[in-house]
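The values are calculated or read from the model by the stated rules, or taken from the named source; none is laboratory data. Please read all numbers here as calculations on a predicted model, not as lab measurements. Don't worry about glycine lacking a Cβ; one is built from the backbone with ideal geometry, like all the others, and counts go over all protein chains shown.
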Amino acid sequence: MKSPAPTTSRGNGSSGHRSTPESLDCSPTSGYTSSTATRRNPVAAIVGIFTACFSPPDTNNSKSFMDSEEFKSSSVASEASRSESSKVSGSSRGINISLHNSIQGEPGIVKFTMEEIFQVTRNFSPSFKIGQGGFGTVYKAKLLNGTVVAVKRAKKSVNEKHLGVEFQREVQTLSRVEHLNLVKFYGYLEQGEERIVVMEYVPNGTLREHLDCIHGSILDLASRLDIATDVAHAITYLHMYIDRPIIHRDIKSSNILLTENLRAKVTDFGFSRQAADIDSGMTHVSTQVKGTAGYLDPEYLRTYQLTEKSDVYSFGVLLVELVTARRPIEPKFELKERITAKWAMQRLVEGEAISALDPKLDRTAANSLALEKIFELALQCLAPQRQNRPNMKKCAEILWTIRKHYRELSASEFRSLSSISQRSASTKE
Ligand SMILES: Nc1ncnc2c1ncn2[C@@H]1O[C@H](COP(=O)(O)OP(=O)(O)OP(=O)(O)O)[C@@H](O)[C@H]1O
Ligand SMILES: [Mg+2]
């Protein structure tokens, strides 16, 4: 949907990433590492991560993850909204969005009319504007049936023909996906120079805004782990659970919208592409470089070959951002801290991961352990060569385990803290 920014400006951000894991000294070890091992021998610990990456999935782990209520709830919710939609509108999408003359085009895709869009956005009133991105302007609007939606209006472009094709492709893509952790697509409009997408309105801002605390509260680590798990589920779904896999291509914190309960919904399929058709023997899609500086897979930049593992790389950058709260590129910081992922991975290797924790978070044992585990996963995702990166499903499984241990440790920290305070209260008596 968006016109690509010049390739040259995009290269800067990732050049630093390339050297990160390569600079690690690898010595043989085995198994997934404990945080104590990481502290004692960070290099061995990191090699352990690579070993874990190559070893077959832990079936117990996978089982608990796949059987988890949460994993089921994504699919169940999706199913539920599907049956709800057929009840309400007879469409395969989640909502009856027709006003008076919306057209039901291809199955499951609603075509809006200009009249309807003008009406609900009050002629694109600036007071309805909620954001601006590379694609264009985003408005909040209320349809006649009361549904609150986000209306994305593309910038007018000189290269209309090219954008029209892109837009049609995007609409097709959007209409095929449905998952609890992906922003729902409700419909579109293409008329003359206008290209508009109507989608689910997600009310609580972007992940980046929350990391910057602009909504007034600090995201605790438990919420950050939930968000990372949600994103991993959404991308796993795009890569593995639809007929033709989709590569998102622009995973970043401003493309993760949060609900009131601080759960994540991934948006902006503006860059998404069909993944290669494995049955036909293709292993990658050759394409123009697109994405956002700082999140781009160095192998994709070098070869122009896009695979699902490019999303995994961006997800690794996102994981580091999530726990450090730093942007992937911090031009104002001193040179060795400018590329956040490179700096953070170096800190991990030096056994000093804790120094990279978002200063807004407490340095509790649970936070410290989760941070190390998240960094270890990020390190795998940031492997320079795609075959050394885990797939997204594996990332989701690992995150699920990290989160489980985090909750257990937090609960026991809480219990021991309250027994200490009880003991000190009874001593005083
Ligand atoms: N579905 C939505 N619900 C609520 N707010 C949204 C929605 N989509 C976008 N926004 C808001 O509009 C802003 C702009 O979104 P947009 O995707 O156009 O740009 P961006 O993600 O900031 O940058 P880029 O163009 O590089 O993706 C977002 O930051 C968010 O605040
Ligand atoms: Mg966006």
Tell me which of these residue 337 doesn't satisfy, since it passes every other one: (1) in contact with a Phe, Trp or Tyr (Cβ under 8 Å, 6 or more places away or on another chain); (2) in contact (Cβ under 8 Å) with a residue 60 or more places away in the chain. (2)
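If you take the residues of segment 131-143 that are closer than 18 Å to residue 187 by Cβ and either modelled with pLDDT of 90 or more or more than 10 Å from ligand 2 (Cβ to nearest atom) (or both), which of them is surrounded by the most Cβ atoms within 10 Å (Cβ to Cβ)?
Here the answer is 139.
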Return the pairs, sorted by first residue and then second, in which the second residue is near ligand 2 (Cβ under 8 Å from one of its atoms) and assigned to a loop (DSSP other than H, G, I, E, B), the first residue lies in segment 249-262 and is in the same structural domain as residue 313 (by TED's automatic domain parsing) and under 11 Å from residue 231 (Cα atoms), the beta carbons are less than 8 Å apart, and the residues are 6+ apart or on different chains. 255/267; 255/268; 256/267; 257/267
Being surrounded by fewer than 18 Cβ atoms within 10 Å (Cβ to Cβ) and in contact (Cβ under 8 Å) with a residue 12 or more places away in the chain is the filter; apply it to segment 114-124 and report the residue that is farthest from ligand 2 (Cβ to nearest atom). 115
The one condition in (1) in contact (Cβ under 8 Å) with a residue 12 or more places away in the chain; (2) over 27 Å from residue 312 (Cβ atoms) that residue 146 fails to fulfil: (1)
I'd like to check something: does segment 180-193 contain any residue that is of a type in the set (Asp, Glu) and more than 16 Å from ligand 2 (Cβ to nearest atom)? yes
Only one of these conditions is not met by residue 165: (1) within 14 Å of ligand 1 (Cβ to nearest atom); (2) in a helix (DSSP H, G or I). Which number is it? (1)
Consider residue 200 carefully, then state whether it is among the acidic types (Asp, Glu) and more than 15 Å from ligand 2 (Cβ to nearest atom). no
Using the structure shown, decide if residue 207 is more than 16 Å from ligand 2 (Cβ to nearest atom) and either assigned by TED's automatic domain parsing to the domain that holds residue 319 or crowded, with 22+ Cβ neighbours inside 10 Å (or both). no
Does any residue of segment 326-333 turn out to be within 18 Å of the chain's Cα centre (by Cα) and either of a type in the set (Val, Ile, Thr) or within 19 Å of residue 234 (Cα to Cα) (or both)? yes
